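Structure first, commentary second.
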Amino acid sequence: MIVTVLYMLSALTGLNKGIKFLSTSNVVVAILLMLFLLFTGPTNFIMNFFTTTLGRYISNLPEMSFRMAPFNEENAGWLQGWTIFYWAWWIAWAPFVGMFIARVSKGRTVREFVTGVLLVPTIFGALWFSVFGGSAIHLEMNQGVDIAGVMAELGTETALFTVLENFPLSGVMAGLAVLLISTFFITSADSATFVLGMQTTNGELNPDMKVKVAWGLVQSGTAAVLLWQGGLTALQTASIIAAFPFAIIMILMVFSIIKAFREEARIYTLKRKKREQR
């Protein structure tokens, strides 16, 4: 309920106020938390871990993208629970995230868009996982902290706080982590509320408050019902079901954007020739 109220307030204040403030604060807190672990933890190990895993990821990405493990049921189950699920998860988010990023990127060039949306977040994400994952692995391997046991007994969610317990200012860092998790939820939900408002008002760049309130309540109610009926599994299943039809649309969008770029290039060429003839 608290998260619902906060993300609705953020969405109601508009793009340049609540949403911008929360998003900026979110990034700042995330960077500070990451840098704290990086420089107070095993810095050399983490950077080596980052370089190695990033290189392995890039080199193995084509093979991993087509891996389905048809001859190994255990591996197939892991792929379904992680790789395929997160593909579907992000495809389900694509309509909201895509439109929201397009809205805030108005006036940017394609090069700026690709750099800001694809390259920078990818590198930052790799560094983030290297810092937190590398810290956990280092604690497990070299300091005897049973991170895997904690995950098996108490759940994956508790592993973060187990890691933070082994760093200076653990209480403060745990508080920042909780704050960060909350703001991630809020910023995701307020942007979705904003985009849904745009979609249902014929593309209005600043939807009416009543529309945003309505969509905020619908989102909150839907999530609550799914969690109440089947827990997180029901929510994940609903995401995958919603993602399937949009996956087909995304394939068509690939051809659409290629066509749009070609048309824009043709128009640009014609304008340049006209200027040269003057």
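Read the figures in this text as sums done on the coordinates, not as results from a lab. Please read these numbers as outputs of a predicted model, since none were measured by experiment. Cβ coordinates were reconstructed from backbone atoms using ideal geometry, including for glycine residues, and neighbour counts include every protein chain displayed.
Could you pull out the longest piece of the chain with no exposed loop chymotrypsin sites (Phe, Trp or Tyr not before Pro) in it, calling a site exposed if DSSP puts it outside H, G, I, E, B and it has at most 13 other Cβ atoms within 10 Å? The reported range is 72-278. Shape descriptor for the chain: Rg over Rh equals 1.00 (Cα atoms; Rh from the Kirkwood inverse mean 1/r). Overall, the range 2-277 carries a charge dipole of about 1860 debye about its Cα centre when +1 sits on the Cβ of Lys and Arg and -1 on the Cβ of Asp and Glu, all other atoms neutral. For the chain, the number of Lys pairs separated by eight or more positions or lying on different chains, with C-alpha atoms closer than 21 Å, is 8.
Ordering S135, S256 by the number of other Cβ atoms within 10 Å of each residue's own Cβ, fewest first, gives S256, S135. Helical runs assigned H by DSSP (4 residues or longer) give the chain a calculated mean residue ellipticity at 222 nm of -27500 deg cm²/dmol, each run adding -39500 (n - 2.57) before division by the residue total.
Each of W78, F194, L164 was placed along the dipole of the chain (beta-carbon charges, centred on the mean Cα), and the one lying farthest toward the positive end is F194. Considering only S256, S65, A92, and ranking their Cα positions along the charge dipole of the chain that arises from unit charges at the beta-carbon of Lys, Arg, Asp and Glu, the one farthest toward the positive end is S256. Distance between the C-alpha centers of the range 37-92 and the range 159-178? Whole Å please. Here the answer is 25 Å between Cα centres.
Among the DSSP helices (H) of the chain, those spanning at least 27 angstrom by Cα along their long axis with an average Kyte-Doolittle hydropathy of 0.5 or more are 20-40, 85-104, 120-142, 170-199, 209-277; this is a geometric and hydropathy rule only. Of the trypsin sites (Lys or Arg not before Pro) found in the range 70-135, those in coil by DSSP whose Cβ has at most 16 other Cβ atoms within 10 Å are K106, R108.
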